[in-house]
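> Pasting in a structure now, in structure tokens, and then I'll have a few things to ask.
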Amino acid sequence: MAKNTDPNLQKQVIYSIYVRSHTEEGTFRAILPDLDRIRALGTDIIWFMPIHPIGVKGKKGSLGCPYANRDYRAVNPAYGTLEDFRELADAIHARGMKVMIDVVYNHTSPDSVLYEQHPEFFYHGPNGKPGNKIGDWADVIDLDYTNPALWDYQIESLCGWAQIVDGFRCDVASFVPVAFWEKARAAVEKVRPGCIWLAETVHGGFGAFARHSGFYSATDYEMFSAFDLEYEYDIREYFDRYLRGEIALSHWLDMMNLQEAIYPANYNKMRCLENHDQPRIASFVPEESDLINYTALLYFLKGTTLIYAGQEVEAAHKPSLFEREPVDWHTGKDLSPLMTRLAAIKHGVLSPDDSFRAAADDEHRIAVLERDDGERICCGIFSLHSQNAAVEVKVPDGRYENLIDGAPVLVENGQTFCAGKPLIFTYKK
């Protein structure tokens, strides 16, 4: 693990905002009135998807993708000015939250300021022209980190932003050398002590494909030396297969147990049901009773929790990266009270030092999870298809309290009854 990683990050909640789609206006200033509501959810950190100017050459859609960065040192004029962003960051800080921005350091747009000034910083394909190594990313060209001068430029940019923000979510971080991230972290620490580093590590299959193709892709284990937390994409494919009905619940949960076994003791995987690259969870789980169980499970998992803006109103449509599609905030649904309560449990009950164990009742699709801090065990039972069933638990017989709603939980003969609603309760060993 990175030497100065704060273990308390595991108890925190990140709220992800795509400025273009968060409001009808799609600007920095339009987000200001929403900050109190976001804070009330129990949010600790707001992560803004890329706020920089977007490339025009080869752009996708009518507005282009924010991950086709045109200038690392400026803001997208469609969102407002740099002063507008500073004001937004100040307002977030005033409410006790931190600010993270997206860092897209694997590639830029073909018409980026960096390419215009330093074409030698870029990867050139067999045809001698700049391009990208992997994927259908026609709107970007890859950077070449064999050039040490590129390192200096990129780190200087990070240090500039670190004067405003508290952390960075690093896009496709696995494709950029770990040694670069380690050097960048050390430099930024002098500007922003305690800066938060989140790596978008790639799907396990994608990383293996990249290495097989002869291109650099660091493993998740290697990435932890430079990052505080990273995506759980190493097992995401199993979650997706479970949602599609291809594997049993126990298969996905077994992969979480594997993470607990192979990573450093204080590893932190960012847990999410959805994000801007994945389908909305409500598109897979349309029944609200089921979604309540999934949401409660999400907060109970070991690692920082991510909420993608709109998830709290059960939005089913994933906003396009290439167009302006404002979130529908008027769905008539609202998981906010539940999320607020779950955030309080995450902040006040669960410990970053907990060991984690997961088991499943595959017949009823019920997850039975344990968080053990050595003295107290927190038990979570989540009926992902809202089924009623008696559940076996390794808990002393007795009467406990469901921390979600205060209802009693009765354990008799090593069993408790799950009435289709999530249960979280604690007991001393």
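> With a probe of 1.4 Å, find how much accessible area region 308-429 has per residue, and write the answer as a whole number in Å².
Ligands and nucleic acids excluded, the result is 48 Å² per residue.
> Additional query: Which of the following values of Rg and Dmax of the Cα atoms in Å was calculated from the structure shown: (1) 22.9, 94; (2) 32.8, 116; (3) 21.9, 72?
(3)
> Percent antiparallel among DSSP beta bridges with both residues in the chain, to the nearest 5?
That works out to approximately 60 percent antiparallel.
> Viscosity 1.306 mPa s, temperature 10 °C: give me the Stokes-Einstein translational D for region 271-379 in µm²/s, with Rh taken as the Kirkwood radius over C-alpha pairs.
104
> Looking at region 150-253, which chymotrypsin sites (Phe, Trp or Tyr not before Pro) are DSSP coil and have at most 16 other C-beta atoms within 10 Å of their C-beta?
Listed in order of number, the matching sites are 215, 216.
> Taking Cα centroids, how far is region 224-261 from region 40-102 in Å?
The two parts, judged by their Cα centres, are 29 Å apart.
> Carbon-plus-sulfur fraction of the accessible area of the chain, 1.4 Å probe, in percent?
Carbon and sulfur: 52 percent of the exposed surface of the chain.
> Residue 7: net charge of surrounding residues, Cβ under 10 Å, Lys/Arg +1, Asp/Glu -1, itself excluded?
With Lys, Arg at +1 and Asp, Glu at -1, the neighbours total -2.
> Consider all pairwise Cα distances in region 102-254 and report the whole-number % of them above 18 Å.
Everything past 18 Å amounts to 62 percent.
> Compute the distribution of all C-alpha to C-alpha distances in region 190-298, in bins of 5 Å from 0, and list the percent of pairs in each, rounded to whole numbers.
Binned Cα distances yield the sequence 2, 10, 18, 22, 19, 14, 9, 4, 2, 0.
> Just the number, please: Stokes-Einstein D of region 25-103 in µm²/s, Kirkwood Rh from C-alpha pairs, 10 °C, 1.306 mPa s.
Translational diffusion coefficient: 119 µm²/s.
> What number in nm² do you get for region 34-186 if you take the convex hull of its Cα atoms and divide its surface by four?
The Cα convex hull of region 34-186, projected and averaged over all directions, gives 10.0 nm².
> Of 355, 109, which has the most accessible area and how do the rest follow, probe 1.4 Å?
355, 109
> What does the accessible area per residue of region 1-106 come to in Å², with a 1.4 Å probe and no ligands, DNA or RNA counted?
With all protein chains present, region 1-106 gives 37 Å² per residue.
> Counting only other residues whose beta carbon sits under 12 Å from that of residue 324, what net charge do I get with K and R as +1, D and E as -1?
-3
> Quickly estimate the mean residue ellipticity at 222 nm for the chain, helices only: each DSSP H run with n ≥ 4 gives -39500 (n - 2.57), and the total goes over all residues, rounded to 500.
-8500 deg cm²/dmol
> List the pairs from 3/346; 3/129; 394/421 whose alpha-carbon separation is above 28 Å, in the order I gave them.
As for pairs spanning more than 28 Å Cα to Cα, those are 3/129.
> If you don't mind, there's one more thing I want to ask. Return the equivalent ellipsoid semi-axes of region 291-351 as a descending list in whole Å, where each equals the square root of 5 times an eigenvalue of the C-alpha gyration tensor.
Semi-axis lengths for region 291-351 are 25, 13, 9 Å.
> Expressed in nm², what is the orientationally averaged projection area of the convex hull enclosing the Cα positions of region 320-368?
7.0
The values are calculated or read from the model by the stated rules, or taken from the named source; none is laboratory data. From a predicted model like this one, the values you see are computed outputs, not experimental measurements. Neighbour counts run over all protein chains shown; Cβ positions are idealised from the backbone, glycine included. Accessible surface is based on the protein model in full, side chains and every heavy atom, while ligands, DNA and RNA are left aside. Shrake-Rupley method; radii C 1.70, N 1.55, O 1.52, S 1.80 Å.
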